[in-house]
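Engineer: The structure is given below, and queries will be raised subsequently.
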Amino acid sequence: GTTYNTRNNVTTDAGAGFEQTLIGMTVGIDSRNDIPEGIATLGAFMGYSHSHIGFDRGGHGSVGSYSLGGYASWEHESGFYLDGIVKLNRFESNVAGKMSSGGAANGSYRSNGLGGHIETGMRFTDGNWNLTPYASLTGFTADNPEYHLSNGMESKSVDTRSIYRELGATLSYNMRLGNGMEVEPWLKAAVRKEFVDDNRVKVNNDGNFVNDLSGRRGIYQAGIKASFSSSLSGHLGVGYSHGAGVESPWNAVAGANWSF
């Protein structure tokens, strides 16, 4: 299982910036199988996360997300690998907005999402050192609910999509301690490019507000993996990213794996 905590500070051209603090947990199960010249892994997972959102113009909101998905991985003995993930989401959102006149407007709505991720890379090993350059492509789409606020305002998401590629590399070092435990500290750097620039929200069947977060982001992470025994291992990671209207001052992940 894995727990995570992330902060996102978002700035938009429409002036509707916000700060999001997200915490969540994912649990899964998978099976690793030896195949000719490599290893194949198939698995499934489920999770829940909760976000608190503070709007720059006043007011706040929250999003609860339930997720269910599956993944597959193939790693060749040469170090080449290919990973794929598919995930379904159910979002439960609540808004307590503040109008420019000072009045309040509350509302809630439900929506569904579908996402996919594919990644390929090559692991190069020299003694205890490992270098893994990789490339990935991630896509997400959600349905477009129409919801009504308590002051009579109507809002509808016309488009909710994301497509981005990521190019990066991970550098790690394997160490075996005197007690037999293995640890692997690692560093990662990547550049992410978001392609979608026209997510739109329509208010009161009037003009569209465009949420454009397209562009490049730099991603920097560090962490450590540890094998405590033949059946128990864990991992810990922290990160920072910035660019394309989004700054993530922190991203923390911790988890454990049990083999049986």
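Engineer: Against the condition buried (at least 16 other Cβ atoms within 10 Å of the Cβ) and not charged (D, E, K, R), how does SER227 come out, does it pass?
Structural biologist: On the way: buried (at least 16 other Cβ atoms within 10 Å of the Cβ): yes; not charged (D, E, K, R): yes.
Considered against the rule, which asks whether it is buried (at least 16 other Cβ atoms within 10 Å of the Cβ) and not charged (D, E, K, R), SER227 comes out as yes.
Engineer: Considering each residue of region 203-255, count those that are of a type in the set (Phe, Trp, Tyr) and either in a loop (DSSP other than H, G, I, E, B) or within 14 Å of the chain's Cα centre (by Cα) (or both), and give that number.
Structural biologist: Of all residues in region 203-255, those of a type in the set (Phe, Trp, Tyr) come to 209, 220, 228, 240, 250.
From the residues that got through so far, the ones that are either in a loop (DSSP other than H, G, I, E, B) or within 14 Å of the chain's Cα centre (by Cα) (or both) too are 228, 240, 250.
Adding up the residues that qualify gives 3.
Residue-by-condition table, conditions (1) surrounded by 17 or more Cβ atoms within 10 Å (Cβ to Cβ); (2) touching a residue at least 60 places away in the same chain (Cβ under 8 Å); (3) assigned to a strand (DSSP E or B); (4) not hydrophobic (A, V, I, L, M, F, W, C):
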position	(1), (2), (3), (4)
GLY121	yes, no, yes, yes
PRO133	no, no, yes, yes
GLY139	no, no, yes, yes
ASN151	no, no, no, yes
ASP159	no, no, no, yes
GLU166	yes, no, yes, yes
THR170	yes, no, yes, yes
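Engineer: Answer yes or no as to whether GLU37 is out of contact with any Lys or Arg (no Cβ under 8 Å at 6 or more places or on another chain) and on the phi > 0 side of the Ramachandran plot. So that I can check it myself, show each step before the final result.
Structural biologist: Numbers: out of contact with any Lys or Arg (no Cβ under 8 Å at 6 or more places or on another chain): yes; on the phi > 0 side of the Ramachandran plot: yes.
Spelling it out, GLU37 is indeed out of contact with any Lys or Arg (no Cβ under 8 Å at 6 or more places or on another chain) and on the phi > 0 side of the Ramachandran plot.
Engineer: Across region 105-119, what is the number of residues that are exposed (fewer than 15 other Cβ atoms within 10 Å of the Cβ), of a type in the set (A, V, I, L, M) and touching a residue at least 40 places away in the same chain (Cβ under 8 Å)?
Structural biologist: Going through region 105-119 one residue at a time, the tally reaches 0.
Engineer: Sticking with this one: Looking for something in contact with a Ser or Thr (Cβ under 6 Å, 6 or more places away or on another chain) and in a strand (DSSP E or B) - is there at least one such residue anywhere in region 53-62?
Structural biologist: First pass over region 53-62, keeping only residues in contact with a Ser or Thr (Cβ under 6 Å, 6 or more places away or on another chain): none.
Scanning region 53-62 turns up no residue that is in contact with a Ser or Thr (Cβ under 6 Å, 6 or more places away or on another chain) and in a strand (DSSP E or B).
Residue by residue, here is whether (1) over 30 Å from VAL238 (Cβ atoms); (2) among the hydroxyl-bearing types (Ser, Thr, Tyr) holds:
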{"site": "ASN5", "(1), (2)": "no, no"}
{"site": "LEU42", "(1), (2)": "no, no"}
{"site": "ARG57", "(1), (2)": "yes, no"}
{"site": "TYR66", "(1), (2)": "no, yes"}
{"site": "TYR71", "(1), (2)": "no, yes"}
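Engineer: Pick from THR26, THR41: which is out of contact with any Gly (no Cβ under 7 Å at 6 or more places or on another chain) and assigned to a strand (DSSP E or B)?
Structural biologist: So the residue among THR26, THR41 that is out of contact with any Gly (no Cβ under 7 Å at 6 or more places or on another chain) and assigned to a strand (DSSP E or B) is THR41.
A short reminder: the numbers here are calculations on the coordinates, not readings from a lab. Not measured: the values here are computed from a predicted model. In this analysis, Cβ positions are derived from the backbone assuming ideal geometry, glycine residues included, and neighbour counts consider all displayed protein chains.
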